[in-house]
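Laboratory data are not the source of any read-out in this text; all were calculated from the coordinates shown. What you see is a predicted model, and the numbers here were worked out from it, not measured in a lab. For neighbour counting, all protein chains shown are included, and Cβ atoms are generated from backbone atoms with ideal geometry for every residue, glycine included.
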Amino acid sequence: MDSVLSLNDVTVAYHGDITILNNVNIQARRGSVTGIIGPNGAGKSTVLKTMFGFLPLRSGNIQLDGKDISREHANTRAKAGVAFVPQNRSLFGDLSVEDNLMLGCWPFRHDKALVQERITSVYDRFPILAQKRKDPVSSMSGGQQRFVEFGRALLIKPSVILLDEPTAMLAPKISKEIYRLIREFAEGGMTVVLVDQNVRRCAEVSDYLYILELGRNKAEGSHEEFEQGSGLRDMVASWMDYKID
């Protein structure tokens, strides 16, 4: 599988001198789920923010479909087909479901037919949102709000979707549905980059895993290598002090 989005020897610092990522290399391949795991403070969320253009690079480069996008702003990357669903809620609680979705149509807001077509496609995928289209987002459950965020991300028909802890604080039933959606995205040809604290579930849903420690690449391997006792699984379990059933 060819790489669609890649970080190449990327170093990133906050406030100019607090280095968070150190020469990180990650390849996200077409039609696959690339999982990123590691302990708190490893730099996982920073990787996604860097991929989306929220943070400048100190060194290295970012490639999207073979093009250097290292200096492109987040809105330009979104127009190029990169979507981002952050861990923390990013909705306007006082606005309705439909108004929140309309904001996701901003890049093509002047094409009313396209706006309606894209929003209808979100309602088709998430029927609960169609039922609650006029309700304020703040009145919805955490899982329903997450579906609004997923729907908004899908409005641009992304080729790449970045997901930061998409099941955090959600009920197991909703989490299961979200992991099913993630696999569905990849099987439909989308490139998915998933940051997740749930090592077991991340390993199950991902085709390839990167493990970070203190902002550096610690290890990497395929889903099969993780599952079939290559040593990667045991290394992760001991290194993270995490029991993997």
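Leaving out same-chain residues fewer than 8 places away, which lysines sit with a Cα under 27 Å from that of Lys44? Hits, sequence-local ones excluded: Lys67, Lys79, Lys157, Lys173, Lys176, Lys218, Lys243.
Rounded to two decimals, the Cα-based Rg/Rh of region 94-182, with Kirkwood Rh, is 0.96.
Taking all Cα pairs closer than 8 Å and separated by 6 or more residues, the relative contact order of region 89-157 comes to 51 percent.
For every other residue with a beta carbon closer than 10 angstrom to the beta carbon of Ala168, add +1 if it is Lys or Arg and -1 if Asp or Glu, then tell me the sum.
Net local charge, Ala168 excluded: -2.
Computed about its Cα centre, the charge dipole of region 89-157 is approximately 120 debye, with only Lys, Arg, Asp and Glu carrying charge at their Cβ.
From largest to smallest, the equivalent ellipsoid semi-axes obtained for the chain from the alpha-carbon gyration tensor read 30, 22, 16 Å. Where both bridge residues fall in the chain, DSSP classifies roughly 55% of the beta bridges as antiparallel. Projecting the Cα atoms of Gln145, Gln116, Gly81 onto the dipole axis of the chain, where Lys and Arg carry +1 and Asp and Glu carry -1 at the beta carbon, places Gln116 farthest toward the positive end.
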